[in-house]
Amino acid sequence: MTHHQRTKAFLTTFLLLIATVAMAQLKQFTLEDLNYGGRNYRNMVAKNQYYAWWGDCLIRTDVEECRMVDKKSGKETTLFTLDEINSWIGSNDSVFVRHLMNAEFPYADRPVVYLGNRYETILVDWKAKKQIWSSGRVGDEAAEWCPVSKATAYVKDNQLYVGDEQGNQRQLTTDGSRDIVYGKSVHRDEFGIYKGTFWSPNGQLLAFYRMDQSMVTDYPQVNTFTRIATLEPDKYPMAGEAMHKVTVGVYDLKTQKTIYLDAGDPTDRYFTNISWSPDSRTVYIQELNRDQTDMQLVSYDAQTGKRLKVLYTEHNDKYVEPQHPIVFLPWDDKKFIFQSQKDGYNHLYLFDTSGRELRQLTKGQFVVLDVLGFNKSKRQIIILSNECHPLQNNLFAVDEKTGKRTLLDNGKGCHANVYQADGGHSSVLSASGTFIYDNYTEPDVPRNIDVIDVSKSVRRQLFSAENPWKGYNVPEYSCGSIKAADGTTDLYYRLVKPTDFDPSASYPAVIYVYGGPHARNVEARWNWYSRGWETYMAQKGYVVFILDNRGSKDRGLEFEQATFRQLGQEEMRDQMKGVEYLKSLSYVDVNRIGVHGWSFGGFMTISLMTNYPETFKVGVAGGPVIDWSLYEVMYGERYMDTPQQNPEGYDKTNLIKRAKDLKGKLQIIQGMNDATVVPQHCLQFIHECNLVGTQPDFYVYPGEPHNMRGHQSTHLHERITQYFEDYLK
């Protein structure tokens with residue numbers, strides 16, 4: 001060996017030694033770090049800052065202070081402190097404001113902040129240094145405050161109440177019960193519904209839901225924590241069975257009278273996406289037949305309840321799924337934005353109040369994800385869409401007249417990550433629509449916050465979070481695409497390699513799967529949207545693979561409807577294409593492949609384990625759907641029709657018939673008080689396994705719903721991990 005060769009060999013050995021020592025010094029993760037129920041989880045997520053708009057003035061809300069932010073320089077000036085607020089309102093040991101994180105500024109032209117304590121909501125004038133209004137003590141169930149009239153709608157002891165500006169509390173209903181539900185979300189939170197009260201723009205009228213579910217069968221949930229177990233039934237309308245009946249009332253603050261909209265017989269109908277005309281005279285509802293194939297946009301007189309007109313109808317042989325109420329243009333109260341997937345992708349259409357479609361505002365092979373609001377001066381609609389890439393969410397301004405779209409952000413990642421109760425992002429836009437504060441992430445960016453001048457398309461960074469995993473031994477996350485089972489459609493995957501990856505080694509692989517509607521697991525977020533559990537598994541030496549199959553969201557109607565009437569079938573075919581890709585990787589042990597998923601993912605896990613028993617050695621299925629005839633009406637019938645209409649589809653997808661085909665090790669985990677996928681599913685599957693001689697394992701979380709709460713989630717994920725450690729390693 002020459003001197004040069006000896007020197008090169010020494011340097012190589014020395015560098016490898018340094019790398020090994022450095023790697024040994026990197027910290028290891030625990031589930032207390034990575035799981036949202038973990039004791040150290042809050043320190044392991046990207047730091048955040050919180051903002052609110054006071055007109056076009058940006059306010060940073062914090063625990064102890066609210067600060068005005070100079071949008072050009074980023075300089076902050078204190079408006080008021082928590083101590084000052086509590087001093088001004090005369091707080092005491094039992095009644096005080098605890099923090100300022102949720103401060104709101106409802107009046108653009110007044111120095112007034114809206115806050116809450118444990119008992120009431122209040123308005124404080126910070127310049128006058130005094131409290132100027134209080135709601136008084138009202139029920140905190142389904143409460144909705146109107147900044148215009150200062151009235152609060154709320155539910156107490158099953159009855160609907162309204163508290164007015166003067167603090168007078170009026171009971172609107174007397175027959176409320178677990179059978180007759182007022183002022184709450186209906187249709188089991190489908191169709192974009194998340195609440196049950198809707199204030200008019202002038203603040204004088206309250207539209208509200210009334211749901212009669214007396215005809216819906218009780219599911220016998222049981223409280224096992226009482227001395228003798230107690231029956232606590234839940235109304236659960238299963239596919240093909242009787243469903244509840246919904247009507248819409250309107251209460252007038254001035255007359256103190258209630259009328260009901262004359263919508264006709266509510267049997268087997270859905271009433272969704274309630275909205276108001278700008279003059280508060282008309283209520284608009286999107287109405288569906290039970291089969292969910294026909295939608296009507298209907299207007300009603302808010303004073304009389306009279307049905308005025310059907311403005312628009314839409315039919316789809318599979319299903320129509322309205323998710324968004326109409327939104328009026330702030331510069332023209334005779335025109336509104338309507339969202340529809342009728343051309344194959346969710347897009348915006350401009351209508352007038354006569355029901356005439358004026359034009360399609362957005363068009364293309366992408367999905368409009370949300371309407372954030374309007375830039376009034378330039379007459380633009382501000383939207384979030386995945387036009388840049390199917391895995392991204394980006395901000396655009398859409399010109400109302402020309403439809404021209406202007407990109408407002410950097411064209412990367414997922415933007416406007418500030419979510420409200422309805423899942424939307426409306427609070428990120430200032431009152432005039434001139435500015436946006438944009439909380440966003442990219443695969444290699446944990447979190448940035450920019451303020452965007454919409455009119456000038458100019459961005460300025462306000463905040464950049466440090467990598468919270470600095471100093472830890474982090475695996476490699478990558479993203480790619482494969483073709484679906486149809487041979488043409490692109491499917492996107494995330495691959496997580498084991499920590500300290502050795503390409504010459506052979507690793508077990510776990511597929512994490514969801515696969516159902518209204519979800520996607522792979523996005524252009526930090527670490528490609530990887531879940532903490534995947535990192536934990538990578539640290540333990542597993543390859544983890546996640547694929548969004550056809551049927552998942554935000555890829556257009558054809559992509560989503562490919563699974564219609566046969567849930568799980570096309571999804572499995574696509575997932576097996578993912579398995580083919582995994583098996584092509586030299587470092588994956590093809591004899592050690594496992595699968596895990598929850599809810600629809602639990603259904604997919606057992607489907608894959610029993611339909612492809614030679615492929616999957618180990619599986620963990622959480623809260624699994626087993627028989628779609630046992631699932632709820634709204635969701636189940638949209639994708640499967642009723643058991644009476646589609647007996648072949650229900651039979652094909654029924655996993656009880658597959659119990660005999662189980663070969664690998666399968667653990668089923670269930671929250672025993674799950675009101676979403678009721679325990680009857682897994683219990684029937686286990687019973688059938690008993691009869692046919694297959695041997696799944698079963699674990700229950702007593703008292704827990706569909707997802708494990710708090711620290712029990714950490715316990716759950718340790719259990720899932722240990723099952724793979726015991727049987728896949």
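The values are calculated or read from the model by the stated rules, or taken from the named source; none is laboratory data. These numbers were taken from a predicted model, which means no experiment stands behind them. Note that each Cβ is placed from the backbone with ideal geometry, even for glycine, and that neighbours are counted across all protein chains shown. Quick note on the areas: whole protein, heavy atoms, side chains included, nothing else; ligands and nucleic acids left out. Shrake-Rupley method; radii C 1.70, N 1.55, O 1.52, S 1.80 Å.
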Which one is farthest from the chain's Cα centre (by Cα), of the residues in segment 717-727 that are closer than 13 Å to G532 by Cβ and open to solvent by 10 Å² or more (accessible area, probe 1.4 Å)?
E718
If I filter segment 25-66 down to residues being aliphatic (A, V, I, L, M) and outside any strand (DSSP E or B), which single residue comes out as nearest to D453 (Cα to Cα)?
A46
Confirm whether Y194 is aromatic (F, W, Y) and without any contact (Cβ under 8 Å) to a residue 60 or more places away in the chain.
no
Just for segment 98-129: of the residues that are of a type in the set (D, E, K, R) and in contact with a strand residue (DSSP E or B) (Cβ under 8 Å, 6 or more places away or on another chain), which one is nearest to R60 (Cα to Cα)?
E104
In segment 399-415, is there at least one residue being under 24 Å from T535 (Cβ atoms), modelled with pLDDT under 95 and assigned to a loop (DSSP other than H, G, I, E, B)?
no
Which one of the conditions (1) among the polar types (S, T, N, Q); (2) in contact (Cβ under 8 Å) with a residue 40 or more places away in the chain; (3) under 22 Å from P322 (Cβ atoms) does S377 fail to meet, given that it meets all the rest?
(3)
Identify all residues within segment 594-616 that are hydrophobic (A, V, I, L, M, F, W, C) and under 16 Å from A509 (Cα atoms); write none if there are none.
V595, L608, M609, F616
When segment 216-238 is examined, which residues are found to be basic (K, R) and touching a residue at least 24 places away in the same chain (Cβ under 8 Å)?
K235
Looking at the structure I just gave you, is D252 surrounded by 15 or more Cβ atoms within 10 Å (Cβ to Cβ) and within 26 Å of T152 (Cα to Cα)?
yes
Out of all the residues in segment 589-617, which are assigned to a loop (DSSP other than H, G, I, E, B) and over 19 Å from T721 (Cα atoms)?
Y612, P613, E614, T615
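Would you pick out the residues in segment 322-358 that are in contact (Cβ under 8 Å) with a residue 12 or more places away in the chain, part of a strand (DSSP E or B), under 24 Å from D279 (Cα atoms) and not aromatic (F, W, Y)?
Answer for segment 322-358, where residues must be in contact (Cβ under 8 Å) with a residue 12 or more places away in the chain, part of a strand (DSSP E or B), under 24 Å from D279 (Cα atoms) and not aromatic (F, W, Y): V327, L329, D333, K334, K335, I337, Q339, L348, L350, D352, E357, L358.
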Contact list, first residue from segment 703-729 and closer than 20 Å to V595 by Cα, second anywhere and of a type in the set (V, I, T) and part of a loop (DSSP other than H, G, I, E, B), beta-carbon distance below 6 Å, six or more apart or interchain, is H706/T676
Being crowded, with 17+ Cβ neighbours inside 10 Å, over 20 Å from the mean Cα position of the chain (by Cα) and not aliphatic (A, V, I, L, M) is the filter here; which residues of segment 655-678 pass it?
R658, G664, K665, Q667, Q670, G671, N673
Any chance K335 is within 26 Å of the chain's Cα centre (by Cα), surrounded by fewer than 17 Cβ atoms within 10 Å (Cβ to Cβ) and modelled with pLDDT of 95 or more
no
Identify, please: which residue in segment 130-189 is among the hydroxyl-bearing types (S, T, Y), within 32 Å of the chain's Cα centre (by Cα) and not in a loop (DSSP other than H, G, I, E, B) and is, among those, nearest to F105 (Cα to Cα)?
T152
